[in-house]
Amino acid sequence: MSNDTELVSDGQPARSNRRKEESRRRLLDAARDLFVQKGYHDTRPQDIAKQAGVGHGTFYLHFADKKACFLAFVDEARDEVTTACMSRIEGINDLEGQVRGIFDAVFDYGEANPGVFEAAVTDPGLLTSNDNEGREVNVLEQWGDVWGGIIAQHKADGAIPDDIDAELAGQAVVGMLRQSGIVARRRDFGRDRLTDALVRLLLRGLGAR
């Protein structure tokens, strides 16, 4: 039955789905470029559609508004960073090695994708979307939850004292990374200096053994 449906009208449904996926991909690629170059507030839906080479109305076939498009861009960037971090620490079991590996992965991603990470977290007030259960979730909080999970695991293994609140500590790490990264770039601290300082601060703050 599914094969018959696939071939209805000379394969038209399949081709239509492919075109829809391709136009959404073009829109997201254009949005990524413009959010990085111009920022959220100076980027208009019609600008995204024009750069993507599609009609203005096509934008609204895929996204309810500019914020929805921005959140889709942020979700992709978050997934890319998370994948890079998890890949980097695969096989590393000690806390310091994982922390340094994650920092290195984030900085490598930033160097390979200039401006993307900064654009994705530029305005925390925009970074709220709904999860699968319809609850509002802040993207920065989601990153904090990833850190909280790592901290909780090392706490369970005895590498971090029992009185450390892993959930709150994870959120604090994200805030520390965001603000220190902004200042470090402005003052040109350099990657090695920033990494070493953050690793020491985090390990000592967690009371790592």
Exercise. Out of segment 41-56, which residues are of a type outside the set (D, E, K, R) and touching a helix residue (DSSP H, G or I) at 6+ places or on another chain (Cβ under 7 Å)?
Worked result: Thr43, Pro45, Gln46, Ile48, Ala49, Gln51, Ala52, Gly53, Val54, Gly55, His56
Seminar exercise, completed: Checked pairs for segment 90-118, first surrounded by 16 or more Cβ atoms within 10 Å (Cβ to Cβ), second of a type in the set (Asp, Glu), C-beta under 7 Å and 6 or more apart or across chains, list as Tyr109/Glu80
For this session: Could you please let me know if Ala197 is crowded, with 17+ Cβ neighbours inside 10 Å and either of a type in the set (A, V, I, L, M, F, W, C) or touching a strand residue (DSSP E or B) at 6+ places or on another chain (Cβ under 9 Å) (or both)?
Result: no
Exercise. How many residues, within segment 162-209, are hydrophobic (A, V, I, L, M, F, W, C), assigned to a helix (DSSP H, G or I) and closer than 19 Å to Asp104 by Cα?
Worked result: 15
For this session: Could you please let me know if Arg44 is among the basic types (Lys, Arg) and within 30 Å of Asp104 (Cα to Cα)?
Result: no
For this session: Output yes when any residue across segment 181-195 is modelled with pLDDT under 95 and touching a Phe, Trp or Tyr at 6+ places or on another chain (Cβ under 7 Å), and no when none is.
Result: yes
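The values are calculated or read from the model by the stated rules, or taken from the named source; none is laboratory data. Because the structure is a prediction, the values reported are computed rather than measured. Glycine also receives a Cβ, built like all others from the backbone with ideal geometry; neighbour counts cover every protein chain displayed.
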